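To start, the structure itself, in structure tokens.
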Amino acid sequence: MQFCLKGWAGNTVAFAMIFGFVAAIQILQPSALAQTATTGSINGTVVDSTGAVVPNATVTVKDQATGATLNLTTNAEGRFIAPYLKPDTFNVSATAPGLQSVTTTVLVLTGQQSAVNVTVTSTASTQTVQVSVNDAQLIDTQTSNTTTTFTTQQFQNLPAPGGDITTIAYTVPGVVVGAGTQGFGSIVSDGLPGLSNLVIINGSDYSISLYNIANSGSSNLTIGQQEIAQASVVQNGYSVQYGRQAGIIETYATKSGSNRLHGLAQWDYNSAGLNANDFFNNQAGIPRSKAVSSQYAAQIGGPILHDKLFFFADTEGIRYIQPTTGFVNLPSKALQASVLANPNITAAEVWREHPITQPEKRLAPARRKAVSTPHS
């Protein structure tokens, strides 16, 4: 059985379908696009002491570093969402007529949603509730992504050979060093080759398009370890803000200025005297090769106008000295004397007269005469 609507009825149904589709997009948009690859979000519900939701409550989200403030209003269900927040520490509080909440401190992680439930009471004090990253849930129930996030301190404490920031992926379960036919790139996640990985820095893709490799470190002319504020490694990244690649997605957010003057100075030194010799070199009696590495970093940031304008400057570099072995051709004493005795002789003439090009000149005088005498 088939139904066919024509005229006014058909137009009404089509309009209703389009209107419903647009309404669904508007309803789902805040939660679906609450964060990007390098930003996070805070969402939650405001309730009173009895557990009842509080609609039309004013929620204040304030960045501790820059003082940037975002004011929100809860909906009819008492819910709120603060989208597109940079990875940082925020103070969250709520007020309603005759009601007030304590201040909750939340660490926003890159690419993740932080859930916070705020309770307002009539006798709220100025107490601050600290919510640290260690209290965050191990499984992200907001999305289907498997995300491992690194704070500034965690990132700086991890070893990074040569300042290569991409090596943090090796700390994630399922990630191994690729070799052989795994494809270009050394990072392999759950059997997917390096060609399937993606690196995002401050929202922009950073990979060599031909091989999809992101070279990093001081020797590869890109940002180093000390310039990162937060980082994350995303697996199963099927959310809309990722896409494009099926392997791991490494996202990085760089440091910036704040209301507090802060800086950093670092120098890493390594030489042959601090390292053991190779096993096979010891077996063959070969001494340790002399190699000296000096890697440095310095940065400073602070306010220009309080809560308005900030500055941040950073530099990193490496100076590496390593001897090499090669062959050098030096002129013999006879050639040196010949050149000094004939300063106007050309290179072509030297080559023609050299014993290498004249075999008979390498023989003894008696045999040279025999070779040059024709047979009768």
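Multiplying the residue separation of Gln322 and Tyr296 by 0.36 nm and subtracting their alpha-carbon distance yields 7.6 nm. Spin-label model, Asn344 to Ser271: label points 7 Å out along the Cα-to-beta-carbon direction sit 5.4 nm apart. Inter-label distance, Thr58 to Ala76: 2.4 nm, where each label sits 7 Å from its Cα along the C-beta direction.
Take the Cβ atoms of Ala68 and Phe312, set R0 to 22 Å, and the FRET efficiency comes out at 0.90. Each of the peptides 265-272, 253-260 was scored by the mean count of other Cβ atoms within 10 Å over its residues; in descending order, highest first, they stand as 253-260, 265-272.
If each residue of separation counts as 0.36 nm, what is the full-extension length gain between Ser289 and His262 once their alpha-carbon separation is subtracted? Here the segment from Ser289 to His262 would lengthen by 5.8 nm. Quick check: from the Cα gyration tensor, does segment 246-337 come out rounded (a/c under 1.5), prolate or oblate? Prolate shape, in that a/c is at least 1.5 and a/b is the bigger ratio. If the segment from Gln154 to Asn282 were pulled out straight at 0.36 nm per residue, it would be longer than the present Cα-Cα gap by 42.4 nm.
A short reminder: the numbers here are calculations on the coordinates, not readings from a lab. What you see is a predicted model, and the numbers here were worked out from it, not measured in a lab. Virtual Cβ from ideal backbone geometry, glycine too; neighbours counted across all protein chains shown.
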